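A.B. asks: Just passing along the structure, written as structure tokens.
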Amino acid sequence: MSQKSQPDQRPGKPETDRLFSRHEGQSFQFDEKVVKVFPDMINRSVPGYSLIVPMLGLLARRFVQADSVVYDLGSSLGAASLAVRHAIKTDDVDIVAVDNSASMVDKFRELLQQDPGSIPVDVRLMDIEDCETVDASLVILNFTLQFIKMDKRLDLLQRIYQNLKPGGALLLSEKICFEDQQSQQLQIDWHHDFKRSQGYSDLEVANKRNALENVLIPESLETHRQRLGQAGFETIIPWFQCFNFISLVAIK
Ligand code: GEK
């Protein structure tokens, strides 16, 4: 019997990601085609994503302060924003969700119409680098920093730290790499095993990997720790790891 989980084809469910089943050789872009399959794609590609998202809501509860703003930078379809929206009970909080993909922003605004939450969510089509995170008590970068140019990452984290209220936090999730060659190879192999267990073919795994080359640039946990420290964060706590995917809490 096959061990592969079958794609979910029930009506009303997000479309199944088959974008990389043919070789087209283009770089990865967050366009309309990706938006259509995004929930399926990210769940079958990022081990732990379906656990991380609700946990961001749970973690948010201890950091979000009254009369402050939560920023979800690189919000895609708003999974993290909605998790926080439904998890926190704090008064006078606004959520600002930022993404530079028009297709993502349009779809998230549409999804938001059907969401029963009461906390205001302002979805902004803009580059993270142009977003001043004023009055923030919580900032979320859930698998987004890895898409920011390497030489812009420190500046972004410094600005986030400076705008953050004391006691506030940054929730940072990333794909990472490993300095030790054996660990690096095994973690990549395990991640690809995970993707195959989710129904992706060898060709899809290889095509996606090529498409993300020079688009998604992972760094080691040590590099993240050092940069967060340099940006000013006093406390850095890794709370999740599955293969080469991690999530950290960095506290001011
Ligand atoms: C989730 N956080 O589901 N400015 C704004 N947005 C950007 C930029 C930028 N410079 N670069 C990339 N993005 C989400 C998942 S996905 C991660 C985040 C993934 C946006 C990009 O358009 C995309 O929507 C998102 O960051 C990355 O919790 O697909 O691996």
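A.B. asks: Taking the Cα atoms only, what angle lies between the long axis of helix 221-231 and the longest principal axis of the chain, rounded to 10 degrees?
C.D. replies: 20
A.B. asks: Separate question: Pop out the ³J(HN,Hα) list for the range 134-142 in order, Karplus 6.51 cos²θ - 1.76 cosθ + 1.60 with θ = phi - 60°, rounded to Hz; leave Gly and Pro as x.
C.D. replies: Per residue, the Karplus-derived 3J(HN,Hα) values read 5, 6, 6, 10, 8, 10, 10, 10, 8 Hz.
A.B. asks: Divide by every residue of the chain the summed helix terms, -39500 (n - 2.57) for each DSSP H run of at least 4, and state the resulting mean residue ellipticity at 222 nm, rounded to the nearest 500 deg cm²/dmol.
C.D. replies: -12000 deg cm²/dmol
A.B. asks: Which angle from 0 to 90°, rounded to the nearest 10, does the C-alpha axis of helix 181-197 make with the longest principal axis of the chain?
C.D. replies: 70
A.B. asks: What is the pair-distance distribution P(r) of the range 70-127, computed from all Cα-Cα distances in 5 Å bins starting at 0, with each bin given as a whole percent?
C.D. replies: For the range 70-127, the pair-distance distribution reads 4, 22, 35, 23, 11, 4, 0.
A.B. asks: Let me know the charge dipole size of the range 90-139 about its Cα centre in debye, to the nearest 20, where only the beta-carbon of Lys, Arg (+1) and Asp, Glu (-1) is charged.
C.D. replies: It works out to roughly 260 debye.
A.B. asks: Per-residue counts of other Cβ atoms within 10 Å, averaged by peptide: what ranking do you get for 44-52, 231-239, highest first?
C.D. replies: The peptides rank, most packed first, as 44-52, 231-239.
A.B. asks: Given Cα pairs under 8 Å that are at least 6 residues apart, what percent is the relative contact order of the range 14-161?
C.D. replies: Relative contact order comes out at 24 percent.
A.B. asks: If you don't mind, there's one more thing I want to ask. Rounded to whole Å, give me the distance from the Cα center of the range 110-175 to that of the range 17-86.
C.D. replies: Here the two parts' Cα centres lie 12 Å apart.
A.B. asks: Follow-up. Rounded to the nearest 10 degrees, what's the angle between the helix 32-45 long axis and the longest principal axis of the chain, both from Cα atoms, 0 to 90?
C.D. replies: Rounded to the nearest ten degrees, it is 90.
A.B. asks: Rank 21, 251, 220 by how far each Cα sits towards the positive end of the charge dipole of the chain (+1 on Lys, Arg Cβ; -1 on Asp, Glu Cβ) and give me just the farthest.
C.D. replies: The listed residue farthest towards the positive side: 21.
A.B. asks: Another one. For residue 111 and residue 132, calculate 0.36 nm times their separation in residues minus their Cα-Cα distance, and state this gained length in nm to one decimal.
C.D. replies: Working: separation 21, 0.36 × 21 = 7.56 nm, distance 2.51 nm.
Using 0.36 nm per residue and subtracting the Cα-Cα distance, I get 5.1 nm.
A.B. asks: Among 113, 150, 38, which residue has its Cα furthest toward the positive end of the charge dipole of the range 5-160, with +1 on Lys/Arg Cβ and -1 on Asp/Glu Cβ?
C.D. replies: The Cα lying farthest towards the positive end belongs to 38.
A.B. asks: Nearest 20 debye, what's the magnitude of the dipole of the chain about its Cα centre given +1 on Lys and Arg Cβ and -1 on Asp and Glu Cβ?
C.D. replies: 600
A.B. asks: Would you kindly state how much longer the chain becomes between residue 241 and residue 188 on full extension, computed as 0.36 nm times their sequence separation minus their alpha carbon distance, in nm to one decimal?
C.D. replies: Computed gain between residue 241 and residue 188 is 17.7 nm.
All of the numbers you see were taken from the coordinates with simple rules; none came from a lab. Small disclaimer: the values here were computed from a predicted structure and weren't measured. No Cβ is skipped: glycine too gets one built from the backbone with ideal geometry, and neighbour counts run over all protein chains shown.
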